[in-house]
1. Conditions first: (1) farther than 30 Å from residue 1 by Cβ; (2) at pLDDT below 95. Residue 88 passes all but one, so which condition is the exception?
2. Name every residue in the range 80-106 that is touching a strand residue (DSSP E or B) at 6+ places or on another chain (Cβ under 8 Å) and either open to solvent by 60 Å² or more (accessible area, probe 1.4 Å) or not polar (S, T, N, Q) (or both), in order of residue number.
3. Here are some conditions: (1) at pLDDT 95 or above; (2) surrounded by fewer than 13 Cβ atoms within 10 Å (Cβ to Cβ); (3) not basic (Lys, Arg). Residue 48 meets all but one. Which one does it not meet?
4. Between a residue in the range 86-102 that is under 23 Å from residue 12 (Cα atoms) and any residue that is exposed (fewer than 15 other Cβ atoms within 10 Å of the Cβ) and hydrophobic (A, V, I, L, M, F, W, C), which pairs come within a Cβ distance under 9 Å, given they are 6 or more apart or on different chains?
Amino acid sequence: MVGQMQARLATERGLLVSRIEQMEADKARLVAASVDSNADDEHDPEGQTIAFERSQLEALTDRLRQHVTEVEAAQARLAAGRYGTCEVCGEQIDGARLEVRPTARTCVDHASGRRRR
C-alpha cells in the first residue's frame, strides 16, 4: 500500500507541475501577444479582455500550486508514517476516502464537520 501511494502521489505531483509549466507558458504567450497590440480590450465586443484571461490563468495556476503543496504534505506524512491518520481525532482515515482524495488530512466526519473532536 505504501509503495503504491508513494507512486501515485509522485505521479500526481509530476502531472501538476507539468500543467503549471504549460499554464505559465500560455500566460507568457498571452502577454507577449498583447505587448504590441493596440487593442482596446476594455471595450472589445468580441469577448473577454486580455486582463481577464490573464487573471483566469493566474487563478488556475495558483490553485494547481496549492494542490502541489497538498500532495507534498501527503508525501511527507507518508514518509513520517502518519499518512492515513486523521489530524483531528487520530483515527484511521477510511481507505475509500484516501482512494478518492489521497491528500486527505482528516476522516470524513471531521472533513464534513459532523464531529468536533
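The values are calculated or read from the model by the stated rules, or taken from the named source; none is laboratory data. Quick caveat: nothing in here was measured; it's all calculated off a predicted structure. Note that we place each Cβ from the backbone using ideal geometry, even for glycine, and neighbour counts take in every protein chain shown. Remember, those area values only see protein heavy atoms, side chains included, never the ligands or the DNA or RNA. Shrake-Rupley method; radii C 1.70, N 1.55, O 1.52, S 1.80 Å.
1. Result: residue 88 fails condition (1) only.
2. Passing the criteria: 84, 86, 91, 92, 93.
3. Result: residue 48 passes all but (1).
4. 95/1
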